[in-house]
Protein chains: 2
Amino acid sequence: MGKASLHKDNLVRTAMRLFRRQGYASSGLQQILAESGAPKGSLYHYFPDGKEALGEAAVRLAADMIGRMLRDLADRHSDPTAFVRAYARTMAGWMQASDFESGCPIATTLLETAPQSPAITAAGLQAIDDWTDVIAGVFERDGMPRRSARTRAGLVISAMEGALILARVRQSTRPILDVVQIASASGTA
Amino acid sequence: MGKASLHKDNLVRTAMRLFRRQGYASSGLQQILAESGAPKGSLYHYFPDGKEALGEAAVRLAADMIGRMLRDLADRHSDPTAFVRAYARTMAGWMQASDFESGCPIATTLLETAPQSPAITAAGLQAIDDWTDVIAGVFERDGMPRRSARTRAGLVISAMEGALILARVRQSTRPILDVVQIASASGTA
DNA sequence: TTCGTTCTAGACCAATCGTTATAATTCTGC
DNA sequence: GCAGAATTATAACGATTGGTCTAGAACGAA
């Protein structure tokens, strides 16, 4: 047990990478197969429901990755501003490392499929809920009321998602780093 | 003169609508042709460079639409918070009217093509620059220094782009309406 | 009417799309 | 070694992809 099927993992990882860079529809199963190194016949064995199931798995994997990263940062930073700054710096680093070709690993897929594909949309919803929990927790821990903390967390996610779009178009990490201002702003009426 | 070719306009309009809802790669030229009502032979007559040129035109049309809307709201609202609130309400209305199927008319296309396609990326860059000008103008008019105003405008755009993603996934206009808080927040260190 | 331009139809291209079915292979427990 | 399950290869499916080419229809000006 625990093998968790190397080939299956490679398929999902490769799908995530390609969906992130070039989108869901543009990434053919052939390309995913080829770049993952998984055997041709293994795709429909591990994913009998085809591409949509692979898309869902890719979104779930991405959600886990980001979620783990956020939890790690939340453990190391009690101050919300410092936390969001670390978050922004991490994403900016990824963006730069990809030469501004890869942003959020779920945004493109979701925009192409939500809400038409229930499976992928549900996976995306869980991802956003999970991230919201973590980020709101940091604000709450700092004394912010629960409801405000969740709204603020949503704003951080929105701003980050948008910033990852602007960064690719502008070919600059500036929009990403500016997101930190959301954390330190005072609440509104 | 000024006919501006009805068929060409219909092609671009239809392309914008479809790219917005289902993405750039998922929208075939056949579908665009069919839904636009334009003659089959007219596509490559008006767009000899093919789909990419159509994508660029769609992005430019969308940029114009949003730009005009923003300028109209900027004329009617001198208070930045009121302006962003009106902006958010407009976008929320569109989102709801489309049954949460259509968000930003350029985001999906850009995520699928930037920065690989220089033409589409350039069109997207101009769009964002234009919107930034309008929004920053409202903040400046309210007394905010120019640099801060432009940064804040970028945050509003980022937050709105991200909120349009979250809205589709959540099937709720809440994330969009929350963007107004960006306008009324105090600046940061 | 005639000429030249603008526009459109239609056939066709090779390539790829996601998917299915069947058969062969490899692995695992006994 | 044998049986059965898990995995993989291969071929083919119909549909569609974006793009090209040629022929001709519709048009405007002289």
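Assign one of three labels to the range A:1-73, namely rounded, prolate or oblate, based on the Cα gyration tensor with a ≥ b ≥ c the square roots of its eigenvalues; rounded applies when a/c is under 1.5, prolate when it is not and a/b is larger than b/c, and oblate otherwise.
Oblate shape, in that a/c is at least 1.5 and b/c is the bigger or equal ratio.
By per-residue mean of other Cβ atoms within 10 Å, what is the highest-first order of A:140-148, B:23-31?
For the peptides A:140-148, B:23-31, the packing ranking is B:23-31, A:140-148.
Only Cα pairs within less than 10 Å get springs; with that Gaussian network setup on chain A, which residue of A:A167, A:A34, A:A92 has the largest fluctuation?
So, out of A:A167, A:A34, A:A92, the one fluctuating most is A:A34.
What number do you get for the range B:58-189 when its Cα radius of gyration is normalised by 2.2 N^0.38 Å, N = residues?
1.02
Once neighbouring chains are kept in place and the probe is 1.4 Å, which whole percent of the accessible area of the range B:1-71 is contributed by carbon and sulfur?
Heavy-atom surface of the range B:1-71 belonging to carbon and sulfur, 1.4 Å probe: 54 percent.
Can you compute 3J(HN,Hα) from phi for each residue in the range A:118-129, using the Karplus curve 6.51 cos²θ - 1.76 cosθ + 1.60 with θ = phi - 60°, rounded to whole Hz and x for Gly and Pro?
Per residue, the Karplus-derived 3J(HN,Hα) values read x, 4, 5, 4, 4, 4, x, 4, 4, 4, 5, 4 Hz.
Answer rounded, prolate or oblate for the protein assembly as shown, using the Cα gyration tensor with square roots of eigenvalues a ≥ b ≥ c: rounded when a/c is under 1.5, else prolate when a/b is larger than b/c, else oblate.
oblate
Peptide B:19-32: average number of partner chain Cβ atoms within 10 Å per residue?
Per residue, the average neighbour count from other chains is 3.
Return the average number of partner chain Cβ atoms within 10 angstrom of each residue Cβ along peptide A:101-112.
5
With springs only between Cα atoms under 10 Å apart, run a GNM on chain B and tell me which of B:A63, B:A82, B:A153 wobbles the most.
B:A82
Name the residues whose placed amide hydrogens come within less than 5 Å of the amide hydrogen of A:S26, ignoring near sequence neighbours (fewer than 5 apart) on the same chain.
Close amide H contacts, sequence-distant or interchain: none at all.
So if we plug the beta-carbon distance of A:S5 and B:A122 into 1/(1 + (r/R0)^6) with R0 = 45 Å, what FRET efficiency do we get, rounded to 0.05?
0.55
Suppose all protein chains stay in the model; what accessible area per residue would a 1.4 Å probe give for chain B, in Å²?
I get 43 Å² per residue for chain B.
Below 19 Å Cα-Cα, how many Lys pairs turn up in the protein assembly as shown? Only count pairs eight or more apart in sequence, or on different chains, if you could.
Eligible lysine pairs with Cα atoms under 19 Å apart amount to 6.
Contact order normalised by length for chain B, with contacts defined as Cα pairs under 8 Å and 6 or more residues apart; what percent is it?
Contact order relative to length: 25 percent.
To the nearest whole number, what is the average tally of beta carbon atoms from other chains within 10 Å of the beta carbons of peptide B:166-175?
Mean number of neighbouring Cβ atoms from other chains: 6.
Rounded to whole Å, give me the distance from the Cα center of the range B:10-29 to that of the range A:1-72.
27 Å
Got the B:P48 label distances to the other copies yet, label 7 Å along Cα→Cβ, in nm, shortest first?
5.4
Label-to-label distances across copies for A:Q30, with labels 7 Å out along Cα→Cβ, in nm, shortest first?
Distances between equivalent label points, in nm: 1.8.
At A:S186, label 7 Å along Cα→Cβ: distances to the other copies, nm, ascending?
Listed shortest first, these distances are 0.3 nm.
Of B:A97, B:A107, B:A163, which has the largest mean-square fluctuation in a 10 Å C-alpha GNM of chain B?
Greatest mean-square fluctuation among the candidates belongs to B:A97.
For the range B:53-65, in order, what is each residue's ³J(HN,Hα) by Karplus, 6.51 cos²θ - 1.76 cosθ + 1.60 with θ = phi - 60°, in whole Hz (x at glycine and Pro)?
5, 5, x, 4, 4, 5, 5, 5, 5, 4, 4, 5, 4
How many square angstrom of accessible surface are buried between A and B, both sides summed, with a 1.4 Å probe and rounding to 100?
Looking at A and B, the buried total is near 4000 Å².
The values are calculated or read from the model by the stated rules, or taken from the named source; none is laboratory data. Nothing here was measured: the structure is a model prediction, and the numbers come from that model. A quick note on method: Cβ atoms are made from the backbone with ideal geometry, for glycine too, and the neighbour counts reach across all protein chains shown. For accessibility, only protein heavy atoms count, side chains too; no ligands or nucleic acids. Shrake-Rupley method; radii C 1.70, N 1.55, O 1.52, S 1.80 Å.
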